[in-house]
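Step one of this worksheet: look at the structure below.
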Amino acid sequence: MFLKLCVLGFLSCAVAAHADLLVMDNGDRITGRLDSITGGKAIFDTPYAGRIWVEIANIRTLETEEAYAVRMGDRMIEGTFAGEGDLQQLIGADQAAIVNWTGVRSATQSRNAFTRFAAGWGSHLDLALSLADGNSSTEAFNVLLEVDYQDELNAHLVTALLAREEGEGLLTRDQLDIDYGYKRFLTERWYGAGNAEYFQDTLKDIDSRITLGVGAGVQFIDNSIQNLSSDIGISAVREDIGGDSDVEPALRLGVDYQRFVLAKTIELFHRQSILQLLGDEKNQVFSSSTGIRYAYNERIDTNFRIDLAYESDPPPGNERTDTTYSLGVGIKF
């Protein structure tokens, strides 16, 4: 009991140490932390009700402790929100601007500012399952698990993709792809990168492909509604194909993009990796995952995803490109 009281006390102090304030037109006061403003709504994280969405047209004043990049019409101004009576202001380093809520298009905060308050683990599971019985019988499932952790200087991301399909008793797809990516931020934009990947495709006789690499990358965009990063590096690739093993150097290019729209109810994402093997064959391996998620609430979403795997020189009897279309349900935990 004493330990629980200590934990609750610590959390209360943490919330009190950083609390933004929303005052609504009807006089209601909401404390928490502003995530962003997009799609005509303020997205507000509270310690007592989780994430809530508030129409900005119903806001009287907003006060924040941290600075936001606010787009008003064609202008972009950075500053903290401050309320003075019924007057809304944005206090910048050099000036104060009057805010008309009907003219606010968006407000975002950089990752370096908000990870101090949001550091921790996050997980997302996409699950697609289909069964058919009648003139033909098919079974297919596609599972994508994403686990990430971020703090002020480090970012970790683990993804695991399992795709299996069987029709009329014949296996038509059996792939496993596990990927780990690491970023160590050196500046606000530049970071050192590391990656490790395990890939298996039994139908292509790829018993395993293990990739280990290091490199450097740049974070082009990284705020509360959008991020875009790319990294390039050198890798060592070990392939076990049809009982034959080989180790080759390779160049690797990775791209990661994520965009939220309509007050974070819709998420667009694209992640890809290109390996250019530098051995005698100079093969190229490309993989990507592209899709859209629609959030019913903070935990549950529905999603459509296209997973693509390309081999420039596949084993005999196999196509170069495998494409998987998945429509399923996602869970955040």
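Points worth noting:
- Some residue of region 227-250 being at pLDDT 95 or above and closer than 26 Å to Val329 by Cα: yes
- Against the test of being touching a residue at least 24 places away in the same chain (Cβ under 8 Å), more than 14 Å from Leu125 (Cα to Cα) and either among the hydroxyl-bearing types (Ser, Thr, Tyr) or assigned to a loop (DSSP other than H, G, I, E, B) (or both), the options Asn297, Asn318 yield a single qualifying residue, Asn318.
- Glu78 vs. criteria without any contact (Cβ under 8 Å) to a residue 24 or more places away in the chain, within 29 Å of Asn154 (Cβ to Cβ) and either outside the structural domain of Phe260 (by TED's automatic domain parsing) or crowded, with 19+ Cβ neighbours inside 10 Å (or both): yes
Residues are listed down the side, and each one gets a yes or a no for (1) at pLDDT 90 or above; (2) in a loop (DSSP other than H, G, I, E, B):
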| residue | (1), (2) |
| --- | --- |
| Asn26 | yes, yes |
| Ile43 | yes, no |
| Trp53 | yes, no |
| Leu62 | yes, no |
| Thr80 | yes, no |
| Gly83 | no, no |
| Asp94 | no, yes |
| Ala107 | yes, no |
| Phe117 | no, no |
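- Taking region 262-273 as the range and being under 25 Å from Val285 (Cβ atoms) and either surrounded by 17 or more Cβ atoms within 10 Å (Cβ to Cβ) or over 12 Å from the mean Cα position of the chain (by Cα) (or both) as the test, the residues that pass are Phe269, Arg271, Gln272, Ser273.
- Identity of the residue in region 146-160, of a type in the set (A, V, I, L, M) and assigned to a strand (DSSP E or B), that ends up farthest from the chain's Cα centre (by Cα): Ala160
- Taken across region 307-321, residues that are aliphatic (A, V, I, L, M), under 22 Å from the mean Cα position of the chain (by Cα) and exposed (fewer than 13 other Cβ atoms within 10 Å of the Cβ) do not occur at all.
Conditions (1) free of Cβ contacts under 8 Å to residues at least 12 places away in the same chain; (2) surrounded by 14 or more Cβ atoms within 10 Å (Cβ to Cβ); (3) out of contact with any Lys or Arg (no Cβ under 8 Å at 6 or more places or on another chain), marked per residue:
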position	(1), (2), (3)
Ile225	no, yes, no
Ser229	no, yes, no
Gly233	no, yes, no
Asp240	no, yes, no
Asp246	no, no, no
Asp256	no, yes, no
Phe260	no, yes, yes
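- The lone exception for Val214 - which of (1) of a type in the set (Val, Ile, Thr); (2) touching a Pro at 6+ places or on another chain (Cβ under 9 Å); (3) free of Cβ contacts under 8 Å to residues at least 40 places away in the same chain it fails: (2)
- Residue in region 193-204 that is part of a helix (DSSP H, G or I) and out of contact with any Lys or Arg (no Cβ under 8 Å at 6 or more places or on another chain) present: yes
Residue-wise test of (1) hydroxyl-bearing (Ser, Thr, Tyr); (2) under 24 Å from Gly213 (Cβ atoms); (3) in the same structural domain as Ala193 (by TED's automatic domain parsing); (4) touching a helix residue (DSSP H, G or I) at 6+ places or on another chain (Cβ under 6 Å).
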position: Leu268; (1), (2), (3), (4): no, no, yes, no
position: Ile274; (1), (2), (3), (4): no, yes, yes, no
position: Ser289; (1), (2), (3), (4): yes, yes, yes, no
position: Glu311; (1), (2), (3), (4): no, yes, yes, no
position: Leu327; (1), (2), (3), (4): no, no, yes, no
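- Cross-chain or 6+ apart pairs with Cβ under 8 Å, region 190-209 first and crowded, with 19+ Cβ neighbours inside 10 Å, then among the basic types (Lys, Arg) and part of a strand (DSSP E or B): Tyr191/Lys183; Tyr191/Arg184; Ala193/Lys183; Ala193/Arg184; Asn195/Arg252; Glu197/Arg209; Phe199/Arg209; Arg209/Arg238
- Qualifying residue in region 6-15 (condition: modelled with pLDDT under 95 and crowded, with 17+ Cβ neighbours inside 10 Å): no
- For region 163-175, the set of residues classified as within 22 Å of Tyr198 (Cα to Cα) and exposed (fewer than 15 other Cβ atoms within 10 Å of the Cβ) consists of Leu171, Thr172, listed by residue number.
The values are calculated or read from the model by the stated rules, or taken from the named source; none is laboratory data. Model, not experiment: these values are computed from the prediction. Heads up, the Cβs are rebuilt from the backbone with ideal geometry, glycines too, and the neighbour counts pull from every protein chain shown.
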